[in-house]
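So the structure is just underneath, and the comments pick up after that.
Just so it is clear, none of the values below were taken in a lab; they were calculated from the coordinates. None of the values given here were measured: they were computed from a predicted structure. Positions of Cβ are generated from backbone atoms using ideal geometry, with glycine treated the same way; all protein chains shown enter the neighbour counts.
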Amino acid sequence: MAIAKRYSSPFHDCTGYVETVQPPLTLYTPPSFSAITWIVAVSLDSEGSGEFIKNYIHWLSLIIIYSLKRTPMNAVLFILIIIIALVIIAALAWRIASRRYTLPCPVWMKGLLDPQFSGKVSARTEKTIRYLDLRPGMDILDAGCGPGRLTIPVARKIGPDGIVTAMDLQEGMLQEVKERARAANLNNIRFIQAGIGDGKIERDRFDRVILITVLGEIPNREAALHEIFNALRPGGILLVEETIRDPHFQTRSTVNRLASASGFIEKEFAGNYFSYILTLEKPSGMLP
């Protein structure tokens, strides 16, 4: 940490600063490892996420200017490092902002959530559906349904006597689900445009609630899980799916801590730290 403090003072002439100060680590042997180590060392000395990002940008700027004074190959390597680092910064910024604001995945990115509709169900989706333990006639809530990756196959699975409620903040996502439902000739889907925790979900109604990489997008996760708990019938199941690829990724321990505070108990876990499915049960005999 002495390294970070030694070079943390503001600078006015970046070029002059680079020329007169030799970085504390050897930046070019090997370049990627040394640069990343230096950035991390400085960042870890920060307090708070805002300081983390500010120092990240500060030292990245310093490194690229310094590297451009060396060989072209080193410059290319460092530019690649900076591109990767900028992606990380964007993900961190999005994650930090989501603690204060509701930031769902934009509608224009729906193709990343689910490939263009073809009528086929992916192996990943089939696996998720198996853990839902669906039966004909069930009442299901797909909370934060997105383009309908789970909504459509679940609606087929529970049959015409069941119903799926597709819930999303964004009209564009719900419109996509409606188009897919029409193409699949499904009439057992209803739609709610609202956020989880907004008080729009009926109490003691659903047999299953699906929450796929959505929990981290909600500023008040406690209120959202409490509303879901009340919306489930006793013995009902909440399925949470998370992956590290999502900038709002929630760890298993975080989900369990928040869910247990609402009254859920863990039922089943599948996967690993970086990608998993977790089912949580509302104990039988409990009323909302």
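Tabulated results
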| item | result |
| --- | --- |
| Per-peptide average of other Cβ atoms within 10 Å, ordering 201-209, 122-130 highest first | 201-209, 122-130 |
| Normalised contact order of region 121-281, rounded percent, pairs of Cα under 8 Å and 6 or more residues apart | 19 |
| Listed residue pairs exceeding 25 Å between alpha carbons, taken from Lys157/Lys178; Lys120/Lys178; Lys120/Lys267; Lys127/Lys200; Lys120/Lys200; Lys178/Lys267 | Lys120/Lys267; Lys127/Lys200; Lys120/Lys200; Lys178/Lys267 |
| Under-5 Å amide H pairs with Leu169, H placed in peptide plane, nonlocal only | Ala194 |
| Three-way shape call for region 121-281 based on the alpha-carbon gyration tensor, with the a/c threshold at 1.5 | rounded |
| Separation of alpha-carbon centers, region 140-168 and region 175-197, rounded to whole Å | 7 |
